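This report refers to the structure that appears directly beneath it.
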Number of protein chains: 2
Amino acid sequence: MNSQKMCNVAKLLALQSINKAGSGHSGIVMSCGEIMQALFERHLKICSINPDWAVRDRFVLSAGHGSAIYYSYLYMLGFLSLEDIKNFRQINSNTPGHPEITTLGVDCSTGPLGQGIANAVGMAIAETMINARMKDFSHYTYCLCGDGCLMEGVALEAISLAGNLCLNKLILLYDMNSCTLDAELKITNTEDIKMKFLACNFNVLEVDGHNIDEIDKAIIKAKKCKQKPSVIICKTIIGKDTKYANSNISHGKVLSLEELRSLEKLWGIKGNFSIPLDVKNDIKLMQKLKVALYKDYNNAEYKKFAGKSFNLDIKPFGYDFKSTRELGGIYLQEYAKFKENIISLSADVFSSTKTKILDGGIYSKDCRLGRNIYCGIREHAMAGIANGIALHGEFKVVVSTFLAFVDYMRPAIRMSALMNLDVIYVLTHDSVVVGQDGATHQPVEQIDSLELIPNLTTIRPCDENEVIGGLKLAFEKTPSVLIMSRQNLKRVDNSSTNLDNGAYFVLKSNKAKINIFAQGSEVGVAIQLADRLKRHKILTNIISCPVLSLFNIKDLPCKSNMKNIAISYGTGWAFLKKIGNVFLISNSNFGKSGKEEDVLKFLGLDVDSIEDKIMKYLGK
Amino acid sequence: MNSQKMCNVAKLLALQSINKAGSGHSGIVMSCGEIMQALFERHLKICSINPDWAVRDRFVLSAGHGSAIYYSYLYMLGFLSLEDIKNFRQINSNTPGHPEITTLGVDCSTGPLGQGIANAVGMAIAETMINARMKDFSHYTYCLCGDGCLMEGVALEAISLAGNLCLNKLILLYDMNSCTLDAELKITNTEDIKMKFLACNFNVLEVDGHNIDEIDKAIIKAKKCKQKPSVIICKTIIGKDTKYANSNISHGKVLSLEELRSLEKLWGIKGNFSIPLDVKNDIKLMQKLKVALYKDYNNAEYKKFAGKSFNLDIKPFGYDFKSTRELGGIYLQEYAKFKENIISLSADVFSSTKTKILDGGIYSKDCRLGRNIYCGIREHAMAGIANGIALHGEFKVVVSTFLAFVDYMRPAIRMSALMNLDVIYVLTHDSVVVGQDGATHQPVEQIDSLELIPNLTTIRPCDENEVIGGLKLAFEKTPSVLIMSRQNLKRVDNSSTNLDNGAYFVLKSNKAKINIFAQGSEVGVAIQLADRLKRHKILTNIISCPVLSLFNIKDLPCKSNMKNIAISYGTGWAFLKKIGNVFLISNSNFGKSGKEEDVLKFLGLDVDSIEDKIMKYLGK
């Protein structure tokens, strides 16, 4: 097998597809071609007969802008056609600008730098968890990252945790080309990366990143390491063999046909999108070898474990006054008992978010059966790792922190939504009522900011019944967000466990002239207001709206001439989106440190102030 | 001076204030009391005569939950009264749950972990920049951080950059108590932190964090280091001297009066909120010494430099067809020429966001006069650093990346808004029209998610005039966001440089029955639609809305019976908030990799599709 020639063909296909598309990233094609060749030809255990093969090796291209060279290898391994390669970056093609899991053979959508490293850490964790539970379940997780990925905080957090957890089947291939889009790396980063990895308990190997045999040998060594994750630092040249070599200009450069022709000459390949006969034969041989490695994982036990039906009917225990975070914790236990493949992650706040699986044990290097992963104060990596675990295919992953800090992991939440993953975010301490910790700990705009993310189901229950219904929905409609109160909430009369329509009446009168819409703790506020308005002879309906994204105002059996009022302790824009013509009583200001009642008064959100606003709106 | 006794009093005041408030963080009070004593008594050059003294040392309590002990020292140095201490965590007090810059003597609002380290790096950068420009301008920046801060990605990014920039006057005091809220540190973090700091080019010192003299000596050593930033690893015991010592239970524990009494006994102090006479005398002496250090920095040159009036009237050069990112870059140069204290930061995309100050030089360890800071691919630290530079007091800081990646720095943007800082975020590549890079690079919900943040001015210009007006506003109404197109946009007839009302007519007819609202590139789309609707004999007004937060629909001179339509390539919820009754044509789905026109068609956002939607809405 002429590995270098095959690699040259792969690189040329990638560069030609970039040229054809008129955009793309050439520099990385030349810097990581040999790394990809060593990995895909000699190690990666994948097979196009069954792209979803459970025990296949996983591969994450964290440097997602290197998609073109990735597609070359997916083509050579039979996952993509030459037509796909030619359609690079075209609408509805299998070869989008950055890798997407909808493409056969792609294990992870990437693009935003750093995320892929956290995703790979998650996959490696999932492997150890299945490995500990099933026989003959074992594979490696590879991740190709660049200088950019290793500057991102999400990656640094994930690396620290990976070292702590001794994920020895995780192998990072670091394409160290020392150039980024804007500049040579030395302008922004001069750290001793080897020492940094060593400090994080990594096995560190260094190779010439253009020597396929050297890379191959390093991967063999890394696979043998039983105690630590490995990083193989591959010293490479961006834009190698072109005049842009070792320059940041190479990063986003589209090579001209003329420049491609010189490369063809230099590399001994002829023609556009063409594959020499000897390379064709090598490709066939490589495919055969992969097929020979393939052995379906037809374990009934595995299939049972990995199954995701969550048909669980929970009857309320009957808590009349409890915070929704506590209720969430109580009923999460029921799901956890029912399905072994639910696991729970927290960024150092299990004791506050109440999402720890009791008797689930703590996952660690010594206990791969543990169902609770203590992620440390690393929210962003936690969410990226959750995505990786979910991508692996067997788990429903619960992730928790305080709502005020959801912004720390927002880029990873967006990826959960984009990849449609089985991740359930439990976000507690859901409003300014958090009180004394002050403005930095009080969410205001966060709920709306989550409602804005496409393909994400945001749920905010008001009491025990809605917590039960909310959990059910959260497990069904992943990725999802459960937003929970810190403070105790009273049971709401007529509340329901059926949240399928997103909203429903908890108070209804034929004589009502007003609809009040609210969710979470504000439903209780609406009930207080209804009582007060009644004293003014104003009758109201109250509509609890735990899942605004599922709600359609047209489904509401209501007189059309009624006035609609929505109440929210946060910004509340989602009500505007869903109800349309509505008088919104909400808060657009930062919170304040103080007792709950003082904070609400300060912000004009106490019941008296809200009553005044409503009376003024009604012209009374 | 009996330093330990003063420290004991400081700790007791803190613990008593927590007890009185009924909430707060006791553990850290006991772990970092001696560190604070060494720093505040023997080093920190601050003075309550003039809290804003320009050359004062800066201090950032990155572990913001340690506010109580911070307030004790601010009291002892004359910034706070004993009454303030007793009002800990009460509404409108000077002693909120986490430190806020509205309190005299507090240099930085903190709370969300990790941010403070990036802020301190920014302050240290600012010091070097002024130091290089003015005579006798020199001070240190201290930052107290805990185990939690050092797990956060934003901190890890900032540390890497601080080492690269050799910020030798930055001194991190690391309160290594090895416990976090949920668990002992070893469960989540076993890295060799000393090695990690060494890898990042830090001078590393290690001390017993309960020995004031040892800490003092280490600070003296750190101050002498001329090439590197320093970290002093202070080994401490959380909840020291209580039964919760060395346990995570200590973190958020409120000590009972009984427990406080044992501490009083152990530490030789009597009474609630009381200060023994000898300590009172020591406090007086300490205050005197601080006053003796004080020398106002009355440099006229400095005052001129640090002045922030931006009364610049720019006349358009006359570009009829250019991207707003390019136009922004062109006119940013005019501001940069006009005011020397504008600096620009980018996360590796200066060449794409066009925000580099030409001839401004690159800031580096060898060039402190450089006005462009290459932050590497570290968006989150970049924004935190920008906050720190702005907090220092002299600079207007321009920060840039792609809009799709704004989520990476969102927690820091929230802090810009909360602290009302002079930071201007320039976010380019503003819609799905980015095209071939695909869904991960195409913003959809991002503009609305920024509009939601309190006290942040979001501006999206449609052409050259609005770019000029937008820049002016962005510099005036900081913190602000300028959202810029990657693609070229045609000049809009009747566009204005005056954006004070947030929105205005660019097309107006007395016979119009429809108002179309749009911003940025969609204004051009609205113009195309107006032409098409005219063919159907439907006349429209077009309202360009570059600054929705400044816009009030009531100010619009319009017939009340008109139909309102808003067009947005993103989610567009801000139009709902500002206009109320409006038919919104927008996009709630992720983007797609493909050519611009194909992507728009795929999402139903091409002009034909929008026209169809409008005609249907109008019942035609």
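The values are calculated or read from the model by the stated rules, or taken from the named source; none is laboratory data. Every value quoted in this text rests on a predicted model; they were computed, and no experiment measured them. We place every Cβ from the backbone using ideal geometry, glycine too, and count neighbours over all the protein chains shown. In case anyone asks, the SASA skips ligands and DNA or RNA and just uses the protein heavy atoms, side chains included. Shrake-Rupley method; radii C 1.70, N 1.55, O 1.52, S 1.80 Å.
Quick notes
- Helix-only [θ]222 nm of chain B, DSSP H runs n ≥ 4, -39500 (n - 2.57) each, per residue, nearest 500: -11500 deg cm²/dmol
- Using the alpha-carbon positions of segment A:492-598, Rg (one decimal) and Dmax (whole number) come out as 13.8, 42 Å.
- Whole-angstrom gap from segment B:258-275 to segment A:244-286, using each part's C-alpha centre: 77
- Computed over neighbours whose Cβ is under 9 Å from that of A:A503, the net charge equals 0, Lys and Arg +1, Asp and Glu -1.
- Principal axis dimensions, segment A:106-243 - Cα atoms, whole angstrom, descending: 52, 32, 31
- Percent of C-alpha pairs per 10 Å bin in segment B:264-419, short distances first: 9, 27, 26, 14, 12, 9, 3, 1.
- With all pairs of separate Cα atoms included, segment A:1-149 yields a Kirkwood hydrodynamic radius of 15.5 Å.
- The residue list B:A347, A:T478, B:Y569 was ranked by how far each Cα lies along the charge dipole of the protein assembly as shown toward its positive end, using unit charges on Cβ atoms, and B:Y569 comes out on top.
- Using a 1.4 Å probe over protein heavy atoms, the accessible area lost on pairing B with A, summed over both chains, comes to approximately 8300 Å².
- Charge tally for B:K513 (other residues, Cβ to Cβ under 11 Å; Lys, Arg +1; Asp, Glu -1): +4.
- For A:F395, solvent-accessible area (1.4 Å; no DNA, RNA or ligand), Å²: 0
- Sequentially through segment B:273-289, phi angles give Karplus couplings (6.51, -1.76, 1.60; θ = phi - 60°) of 6, 10, 10, x, 4, 4, 5, 4, 5, 4, 4, 4, 4, 4, 4, 4, 4 Hz, Gly and Pro residues having no value and appearing as x.
- Its residues counted as N, segment B:505-552 yields a C-alpha radius of gyration over 2.2 N^0.38 Å of 1.13.
- Segment A:180-221 - convex hull of alpha carbons, volume per residue in Å³: 94
- The rule of thumb for compact globular proteins, 2.2 N^0.38 Å, goes into the C-alpha radius of gyration of segment B:19-61 1.48 times.
- Extension reserve of the A:S81-A:Y617 stretch, reckoned as 0.36 nm per residue once the Cα distance is removed: 186.6 nm
- Area of B:E326 that stays accessible when all protein chains are in place (1.4 Å probe, Å², to 10): 60
- Bridge orientation summary for chain B: considering DSSP beta bridges with both residues in this region, about 10 percent are antiparallel.
- A P(r) calculated from all alpha carbon pairs of segment B:338-497, with 10 Å bins opening at zero, reads 11, 41, 36, 11, 0 percent.
- DSSP beta bridge pairing in segment A:152-262, given as percent antiparallel to the nearest 5: 10
- Chain-alone versus full-assembly comparison, segment B:416-440, residues with accessible loss of at least 50 Å² (1.4 Å probe): B:L418, B:Q436, B:D437, B:T440
- Bins of 20 Å, starting at 0 and running to the largest distance - Cα pair percent for the protein assembly as shown: 11, 40, 38, 10, 0
- Each copy carries B:K224; placing its label point 7 Å along the C-beta direction from Cα gives inter-copy distances of 4.8 nm, listed from smallest up.
- Its residues counted as N, chain A yields a C-alpha radius of gyration over 2.2 N^0.38 Å of 1.08.
- Rg in Å to one decimal, and Dmax rounded to a whole Å, for segment A:448-545 via C-alpha atoms: 14.2, 44
- Three-way shape label, segment A:571-620, alpha-carbon gyration tensor, a/c 1.5: oblate
- For segment A:480-620, relative contact order (Cα pairs under 8 Å, six or more residues apart, normalised by length) works out to 21 percent.
- 5 angstrom amide H check on A:S178, placed H, neighbours 5+ away: A:D147
- Over segment B:168-287: Kirkwood hydrodynamic radius from C-alpha pairwise inverse distances, Å: 16.9
- For trypsin sites (Lys or Arg not before Pro), the sites in segment B:132-203 that DSSP calls loop and that have at most 12 other Cβ atoms within 10 Å are B:K135.
- Around the amide H of B:G572, modelled in the peptide plane, lie the amide H atoms of B:D448, all under 5 Å away and 5 or more residues distant in sequence or on another chain.
- Packing order of peptides A:551-559, B:497-505, B:28-36, B:359-367, highest average first: B:28-36, B:497-505, B:359-367, A:551-559 (average count of other Cβ atoms within 10 Å over each peptide's residues).
- All Cα pairs of segment B:390-478, percent lying beyond 15 Å: 61
- Relative contact order (%) - chain B, alpha-carbon pairs under 8 angstrom, separation at least six: 12
- Segment B:K295-B:L539, extension gain: residue separation times 0.36 nm, minus the distance between their alpha carbons: 81.0 nm
- One equal scatterer on each Cα of segment A:190-251, no solvent, Debye formula: the resulting log10 I(q)/I(0) at q = 0.18, 0.20, 0.23, 0.25 Å⁻¹ is -0.74, -0.84, -0.94, -1.00.
- Using a cutoff of 8 angstrom between alpha carbon atoms and counting only pairs six or more residues apart, the relative contact order for segment A:81-121 works out to 21 percent.
- Viscosity 1.002 mPa s, 20 °C: Kirkwood-radius Stokes-Einstein D of segment A:302-383 over Cα pairs, µm²/s: 153
- Computed on segment B:418-469, the Cα convex hull volume stands at 100 Å³ per residue.
- Charge dipole of chain A about the Cα centre (unit charges at C-beta), most positive-ward option of A:L82, A:Y294, A:N515: A:N515
- Most simply put, the protein assembly as shown has about 10% antiparallel DSSP beta bridges, counting only bridges with both residues inside it.
- About its Cα centre, segment B:550-620 has a charge dipole of approximately 400 debye under the convention of +1 per Lys or Arg Cβ and -1 per Asp or Glu Cβ, with nothing else charged.
- Anisotropy class of segment A:162-231 from Cα gyration tensor, a/c 1.5 cut: oblate
- Efficiency of FRET from Cβ geometry, A:K226 and B:K559, R₀ 56 Å, rounded to 0.05: 0.15
- Solvent-accessible area, 1.4 Å probe, carbon plus sulfur percent, for segment A:127-178: 45
- Taking chymotrypsin sites (Phe, Trp or Tyr not before Pro) across segment B:268-352, the ones in a DSSP loop with at most 12 further Cβ atoms lying within 10 angstrom of their Cβ are B:F317.
- For segment A:93-158, the convex hull drawn through the C-alpha positions has a volume of 90 cubic angstrom per residue.
- Positive-end ranking of A:T190, A:A222, A:I233 along the dipole of segment A:181-235, with charges on Cβ about the Cα centre, is headed by A:A222.
- Accessible area in square angstrom per residue, the protein assembly as shown, 1.4 angstrom probe: 33
- The distance separating the Cα centre of segment A:81-135 from that of segment A:391-449 comes to 24 Å.
- Average beta carbon contacts from partner chains per residue of B:242-252, 10 Å cutoff: 1
- 13 Å beta-carbon shell around A:I49, net charge (K/R +1, D/E -1): +3
- Percentage, to the nearest whole number, of Cα pairs in segment B:267-316 over 19 Å apart: 63
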